[in-house]
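Everything on this sheet refers to the single structure shown next.
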Amino acid sequence: MTLSLKAHLTGHIRAGNIDPALALVLETVAANCLRISTLVSKGALAAIIGSAGTGNVQGEEQKKLDVISNDLLLGGNAWTGALAGMASEELDHPHATGFDDAPYLLLFDPLDGSSNIDVNVSIGTIFSVLPHKTGLNPALDEAYLIKGRDQAAAGYCVYGPQTTLVLSFGHGVQAFTLDRENGEFVLVEAAMRIPAATKEYSINASNQRHWEPPMQRYISELLAGKEGPRGKDFNMRWIGSMVADVHRVLTRGGIFTYPRDRREADKPGKLRLMYEANPMSYLVEQAHGKATNALENILDIQPTKLHQRVSVVLGSAEEVDVVTSYHTAG
Ligand code: P6P
């Protein structure tokens, strides 16, 4: 029996596992991801390739699809009455919906991996749903500074050979693949699980000389293969889109890391905590993996800034434990 996203959510509402407002948020995000997927699949035919000629709060050049996806998610999620506000990688500050008493906040990276857009490599949308603490102004950053462990839900949509939506609201991790013939996201995996052990790692090896010594030690041991201290050969993958690399880890295991870089002492890492690391870490833990900043669980980090960055080590528990042990050893 094929189960659509709506049927899946309806079953969990009936079982008392999710409230209707949160289910509505997830359904609306999915509908907007479908629209983004359609645009992405058109590429140059839709005149949406290339730079928008603007920059974002991260100091990064915005691609046209970054801006289009961001606007689509803002407009497409503002009307439901379930969200008090939204925060985006592409916005300096949050956008209040006007429903100030609504129960949730939505945070997103509208198009992760946009440097891959022009070369037809998988990209995606990453989202996090936080509880809205009434009394906190949803137009201000501080309403969003909630630990990742307290997320109500998290997920991503990867625009690749298939368009696949992966999400969790605390009852494991489910995957839904888009059936373009009827516009439905169909359940294809009811419980994604990351194997504890792996032989596959994911890192941008060109930064090797800038890593801290514990990370240099860890990666050199993987490279040493079966003759080295790990006693087995490893394979490496690096797509350059977190959403695609993490999807592979959730699907077949592995360890993904973007460690802090000694070139930028003021930045603890490249990836953003609130709308990249937290949602992915929530999914990874729900799938029996682990996610740390090489020192502590990412989900336990108390945010202090909306766009703060973090070092990320996530995936198969055995490997995350090795990396964290090297960084916390006296
Ligand atoms: P690099 C994409 O820009 C991103 O934020 C993540 O999706 C990805 O994992 C990382 O940066 C890639 O960074 O330095 O390899 O280009």
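The values are calculated or read from the model by the stated rules, or taken from the named source; none is laboratory data. As the structure is a computational prediction, the values presented were derived from the model and not from experiment. Every residue, glycine among them, receives a Cβ derived from its backbone with ideal geometry; neighbour counts consider all protein chains shown. Only protein heavy atoms, including side chains, enter the accessible area calculation; ligands, DNA and RNA are left aside. Shrake-Rupley method; radii C 1.70, N 1.55, O 1.52, S 1.80 Å.
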Pop a pseudo-label 7 angstrom from the Cα along the beta-carbon direction at both Ala205 and Thr134 and give the gap in nm to one decimal.
5.5 nm
When 1/r is averaged over all different Cα pairs and the result inverted, which Kirkwood radius in Å belongs to region 67-151?
13.3 Å
Mean-position separation - Cα centroids, region 241-261 and region 85-157, in angstrom:
20 Å
Value of Rg to Rh for region 236-276 (Rh from inverse mean 1/r over Cα pairs, i.e. Kirkwood)
1.02
Listed by chain and number, the lysines with an alpha carbon less than 29 angstrom from that of Lys42, same-chain partners under 8 positions apart left out, are Lys6, Lys63, Lys64
Quick check: residue separation of Lys226 and His93 times 0.36 nm, minus the Cα distance between them. What number comes out in nm?
43.0 nm
The chain accessible area per residue, 1.4 Å probe, protein heavy atoms, integer Å², reads 41 Å²
Provide the three semi-axes, in whole Å and in decreasing order, of the ellipsoid equivalent to region 106-225 as defined by the square roots of 5 times the Cα gyration tensor eigenvalues.
30, 24, 17
Enter the angle in degrees (range 0 to 90, nearest 10) between the Cα long axis of helix 242-252 and the first principal axis of the Cα atoms of the chain, meaning the one along which they spread out most.
70 degrees
May I ask for the percentage of alpha-carbon pairs in region 285-330 that lie more than 18 Å from each other?
30 percent
Strictly greater than 37 Å: what percent of every Cα pair in the chain meets that?
13 percent
Around Ile146, which amide H atoms from residues at least 5 apart in sequence, or from another chain, sit under 5 Å from its own amide H, with H modelled in the peptide plane?
none
One quarter of the convex hull surface, Cα atoms only: what value does that give for region 200-328 in nm²?
7.4 nm²
If the reach is capped at under 22 angstrom between alpha carbons, list the lysines near Lys232, excluding any in the same chain fewer than eight residues apart.
Lys199, Lys290
Under a crude label model (7 Å from the Cα following the beta-carbon direction), how far is Asp101 from Glu212 in nanometres?
4.7 nm
Quick one: 3J(HN,Hα) in Hz for region 151-160, Karplus 6.51/-1.76/1.60 with θ = phi - 60°, rounded, Gly and Pro as x.
4, 7, 6, 7, x, 8, 10, 9, 9, x
Any idea what the alpha-carbon Rg over 2.2 N^0.38 Å comes to for region 5-189?
1.01
Residue-span extension gain [Asp266 to Ser325] - 0.36 nm each, minus C-alpha spacing
18.9 nm
So, with a 1.4 angstrom probe, what is the percent of accessible area on the chain that is carbon and sulfur?
51 percent
Any aspartates and glutamates whose Cα falls less than 17 Å from that of Lys147, other than same-chain ones fewer than 8 residues away, would be Glu276, Glu285, Glu296, Asp300
Got a number for the accessible area of Ile13? Probe 1.4 Å, square angstrom, nearest 10.
60 Å²
Sorted by chain and number, the residues with a modelled amide H under 5 Å from that of Gln62, at a separation of 5 or more or across chains, are Ala52, Gly53, Thr54, Gly55, Asn56
